[in-house]
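Heads up: the structure comes next, in structure tokens.
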Amino acid sequence: MPRLVVKVTKMFAAPGTYGKGPIMSQFHRAVSFFASACALTAALGIGRWSLAADSGEHKAFRPPAVPLVTFNPYLSVWSEADRLTDDVTRHWTHHDHSLVSLIRVDGKTSRLMGKDPVATPAMPQVSLEVLPTRSIYQFDDKHVHVTMTFMTTALPDDLDALAQPLSYIAWQVRSVDGAEHEVSIYDSVSSQLVVHSTDQKVQWSRESVGDLTALRIGSSDQPLLQRQGDDTRIDWGFVYLAAADAKGAIGADQALTTQFVRLGTVPTADDARQPRAAKDDQPVAAVVFDLGIVGTKAIARRAIVAYDEIYSIKFFGKDLRPYWRRNGASPAEMLQAADRTYQKLADRCEKFDRELMADLTRVGGERYAQIAALAYRQCLAGTGLAADANKQPLLFTKENTSNGDIATVDVIFPMDPMLLVLSPPLAKASLVPVLNYAASPRWKFPNAPHDLGTYPVARGTDDGGEGMPVEESGNMLILCDSIAQLDGNADFVTPWWPQLTQWAKYLEKFGLDPEEQLCTDDFMGHLAHNSNLSVKAILGLAAYGDLCKIRGEKETAEKYHALAKRFAEHWTKAAADGSHSNLAFDKPKTWSQKYNLVWDKILDLNVFPSEVARKEIDHYKSVMQRFGVPLDSRTKLTKTDWSLWIATLAEQQADFETIVSPIYDYLDQTSARMPLVDSYTTDNAASDGMHARPVVGGIFIKLLADPAMRKKWSSRGQAKVGDWAPLPRPPKITEVVATSRSTGQTWRYTTTKPAADWTALKFQDGDWKEGIGVFGTRVTPGVNARTDWSSADIWLRRQISMPAGDFPHLQLYVFHDEDVEIYLNGVPASSAPGFITQYEPLEISAAARAELKPGAKVTIAVHCHQTEGGQGVDVGLAEVTER
């Protein structure tokens, strides 16, 4: 059922929230805005983090974590250390996702990436540069110099390049001591990348991919799109390591690195002991490049780390292919194309990075530019890009380090400034899933939805908007108007015009003085009469009026513009609190960041008097802490993205940089090593929080707010998108093994934690109680609870007989509130986090499906865990087919 209580755990916070934390990097002072000066800057090493700062040289920004191999929430590998060799590389959830690189020079081996083998010394790292599409490390041992580049082809005007599910790792090696050296390079990718937990089994193979050595590892079970939630890693699909001019092997990590250290080679045959657990002699895919004799002319090699998810999103019962697969491309074709087009893409990435950094510096200064550079890949890596039935792109956000929601409107809203200015087609693709859901019969509320489920399953939540109706309605109207202004027409929103009109009417009724509800800062809890939320509602109404104007509906446009102006005049008086505006209309001597005001400026709505923003900027400077402006007068917590939005309200560049610089200082000094966090505590360099989230796309608001930059970047060769497929029809569901939805079924149950083998077929459950499903509380919506269950946990067992017949689309049919895990004859079958409000199908793992033979006696074992609110659980089996 809907949760109105904010949940906070050690690291993962509440639904719809953002996070706490840091991350950024620095360009350098005195950057000229002419191409020649930019070239000089690069030549001097400006913008690179030098580890030689102790000698008195300038120390550039040190990012808390560095993006290495990034694509989406699953392929997201980072270095959370000063040096690439100080620690194992990690998934954004901090779990080991080990990438290892070694270099052998004249028979002596050194580490370039990773902390293992521990006995092998690290080659000295001398600098690091983080750019929008590339992270560039420099190493030098006074004999050879190595440049190691991690590149993701996230080119915003080329969806095919951006959709490649891969990153390149490139090495350039040259002699620096005047001598020639014999050099070879080792690179490996761990099986950790294909499992949620390392006790899961993996298997491997070699693939035939033209001239490439291509090695593939995947989980044995391949539970497609089954694992949902936040703190999760993918356990379906396959990771690939591919390279030309290389020898490859798949085997135990320690065995392969030991052989390379000793001999400079890897075995000629792959390890035959498979499948086995990822933690059992950790299987890795490895390649070795023999560079031969290296002199002063650099020799280059590259590898591709790619991930084929097979399917990326379950969208209202339909499994969607990744966008790169929309025309039937295979992994082999994808890898060959990636290798063939590498140099062209590398040149384009270099040009894009150089030009974007220059423009970011021009509008916001060097510190702002480096912050944005660090945010760029992270923003995209917090999303999944799929293709709908019409092969059109759908972009799905994930609430990393929150609760894993998919397509959350108050995550899309702060993310989209980056897409609006750099890739309007992707901005549209982020809104279409929400718009289609809101237009479907499933959504029965007058306001915009909050989210579509839990990543990677978008099923719809039907919860009324998770207590954020004003917030999400205003967000959607503002973003739709932004797209219309960029397009010069309102064609994009036409299919959903009734929904936008309905949301405007909702804001007209409830937006001026919002009742107690959540806003996007919902980790701060509910608040009535929220003045910043009222700003959003007012600008949402003005945006709707602007959309009417673009559509040629003059009378309606004038009505809503006048209404917004009238509301703004009321707001100016009601929120006035001396030299600033208050947090809530009924709370004098308070204040808050009025970040929503920035859209009045960006969309040229001219609703609020200009002195409102001026007063706010002056007040923010007066309450600023060591590391930035707190979110409001109740806390020292700040939001990285919102702080950039209030800074963009400033009319003077000096004021903008005054607000941005403390954020940069925090990120440079924090001891919290993690991908860019979007909130942190303004007086504590050690504070951490939610991180690796797409909301950092909001950092690009300053670029979006500049009319010349907006026109320049948004008009570049963008892909033509449109004609999106409608929401998939609900599948036809035929119960094969009955649930208790209509007729109660008998189960054995206990609320006391049972023995470890409780799921096994032969487990004796005779001392468990007997009860009739559904188990839960009678106030839980969506089910008819027949046996009371009100404790934190319940364990259930039921023996069924599989009926005769062929059921090719058999799935579990489940109601769960909250977290559920299901076993068939002791074999893990499926699991799902959180709660749902109606029965939903769940995929069955391949291993568990093998237990469901016609006539077989099968024990269904279920564990459900509850934290708060309504609760209930029920399980059956159903044949699920498309209509």
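The values are calculated or read from the model by the stated rules, or taken from the named source; none is laboratory data. From a predicted model like this one, the values you see are computed outputs, not experimental measurements. Neighbour counts run over all protein chains shown; Cβ positions are idealised from the backbone, glycine included. What goes into the accessible areas is simple: the full protein's heavy atoms, side chains included, and nothing from ligands, DNA or RNA. Shrake-Rupley method; radii C 1.70, N 1.55, O 1.52, S 1.80 Å.
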Checklist outcome for this item: Over all viewing directions the Cα convex hull of the stretch 290-411 casts an average projected area in nm² of 12.0
Item to check | For Ser220, distant residues with modelled amide H under 5 Å away | outcome: Lys201, Val202, Gln203
Item to check | Between the stretch 369-429 and the stretch 844-858, the alpha-carbon center distance in angstrom | outcome: 39
Checklist entry - Nearest-5 percent of antiparallel DSSP beta bridges in the stretch 775-883? => result 95
Next on the checklist: Taking the solvent-accessible surface of protein heavy atoms with a 1.4 Å probe, what is the per residue accessible area of the chain in Å²?
Outcome noted: 35
Next on the checklist: Under the rule a/c < 1.5 gives rounded, and otherwise a/b versus b/c splits prolate from oblate, where does the stretch 371-420 land using the Cα gyration tensor?
Outcome noted: oblate
Checklist entry - Distances over 17 Å make up what percent of all Cα-Cα pairs in the stretch 79-173? => result 55
Checklist outcome for this item: The Kirkwood hydrodynamic radius of the stretch 504-552, taken as the inverse of the mean 1/r over all distinct Cα pairs, in Å, comes to 11.4
Next on the checklist: Give me a comma-separated list of calculated 3J(HN,Hα) values for the stretch 797-811, in order, Karplus coefficients 6.51, -1.76, 1.60 applied at θ = phi - 60°, integers in Hz, x for any Gly or Pro.
Outcome noted: 9, 8, 9, 10, 10, 5, x, 5, x, 9, 10, x, 10, 5, 9
Checklist entry - So what J values fall out for the stretch 337-352 if you push phi through Karplus, 6.51 cos²θ - 1.76 cosθ + 1.60 with θ = phi - 60°, rounded to Hz, Gly and Pro as x? => result 5, 5, 5, 5, 9, 3, 4, 4, 5, 4, 5, 5, 5, 4, 5, 4
Next on the checklist: In the stretch 556-599, whose amide N lies under 16 Å from the spot 7 Å out along Cα-to-Cβ of Ser633? List them in ranges.
Outcome noted: 573-594
Checklist entry - Just the Cα atoms of the stretch 425-525: what Rg and Dmax do they give in Å? => result 13.5, 39
Checklist entry - Hey, rough spin-label estimate for Ala272 and Asp319, points 7 angstrom out along Cα→Cβ, what's it come to in nanometres? => result 3.3
Next on the checklist: For Val294, what residues show an amide H to amide H distance below 5 Å, using hydrogens built from the backbone and excluding near sequence neighbours?
Outcome noted: His181, Glu182, Val183
Item to check | the stretch 753-810: C-alpha gyration tensor shape, a/c 1.5 cut-off, then a/b vs b/c | outcome: oblate
Item to check | Cut-off under 5 Å, modelled amide H: who pairs with Val144 long-range | outcome: Val176
Checklist entry - Can you give the Kirkwood hydrodynamic radius of the stretch 122-217 from its Cα pairs, in Å with one decimal? => result 16.6
Next on the checklist: Per-residue counts of other Cβ atoms within 10 Å, averaged by peptide: what ranking do you get for 340-348, 699-707, 638-646, highest first?
Outcome noted: 638-646, 699-707, 340-348
Item to check | Overall Cα dimensions of the chain, principal axis frame, Å, largest first | outcome: 77, 76, 46
Item to check | Gap separating the Cα centres of the stretch 153-231 and the stretch 234-297, nearest whole Å | outcome: 11
Checklist entry - When DSSP assigns beta bridges and you keep just the ones with both residues in the chain, what percent turn out antiparallel, to the nearest 5? => result 95
Next on the checklist: Just to check, using Stokes-Einstein with a Kirkwood Rh over alpha carbon pairs, what's the diffusion coefficient of the stretch 426-473 at 10 °C and 1.306 mPa s in µm²/s?
Outcome noted: 145
Checklist entry - Share of the stretch 731-883's accessible area from carbon and sulfur, percent, 1.4 Å? => result 49
Checklist outcome for this item: Taking the chain and counting helices only, DSSP H stretches of n ≥ 4 at -39,500 (n - 2.57) each over all residues, the nearest-500 ellipticity at 222 nm comes to -8500 deg cm²/dmol
Checklist entry - Tell me, in nm to one decimal, what length is gained between Asp604 and Val721 on full extension, where the rule is 0.36 nm per residue of separation less the Cα-Cα distance? => result 39.5 nm
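On the accessible surface of the stretch 469-556, probed at 1.4 Å, how many percent belong to carbon and sulfur atoms?
Exposed carbon and sulfur together represent 46 percent of the surface.
For the stretch 229-361, compute Rh as the Kirkwood radius over C-alpha pairs and then the Stokes-Einstein diffusion coefficient at 20 °C and 1.002 mPa s; write the answer in µm²/s, rounded to an integer.
Working: Rh = 18.4 Å.
Rounded, D is 116 µm²/s.
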Item to check | Extended-chain gain in nm, criterion 0.36 nm per residue less alpha-carbon gap, Val176 and Asp806 | outcome: 219.9 nm
Checklist entry - With labels modelled as points extended 7 Å from the Cα through the Cβ direction, what inter-label distance (nm, one decimal) is found for Lys621 paired with Lys344? => result 5.1
Checklist entry - Ignoring ligands, DNA and RNA, what percent of the accessible area of the stretch 247-375 is carbon or sulfur (1.4 Å)? => result 48
Checklist outcome for this item: Quick shape check on the stretch 604-737: root eigenvalues a ≥ b ≥ c of the Cα gyration tensor, a/c under 1.5 is rounded, otherwise prolate if a/b tops b/c, else oblate, and it reads oblate
Next on the checklist: Which residues among the stretch 737-761 fall inside the zone where the amide N is under 15 Å from a point 7 Å beyond the Cα of Arg778, along Cα→Cβ?
Outcome noted: none
Item to check | Stretch gain in nm, segment Glu555-Phe445, where the contour uses 0.36 nm per residue and the Cα spacing is subtracted | outcome: 36.9 nm
Item to check | In Hz, Karplus ³J(HN,Hα) per residue of the stretch 585-590 (6.51, -1.76, 1.60; θ = phi - 60°; x = Gly, Pro) | outcome: 4, 9, 10, x, 6, 10
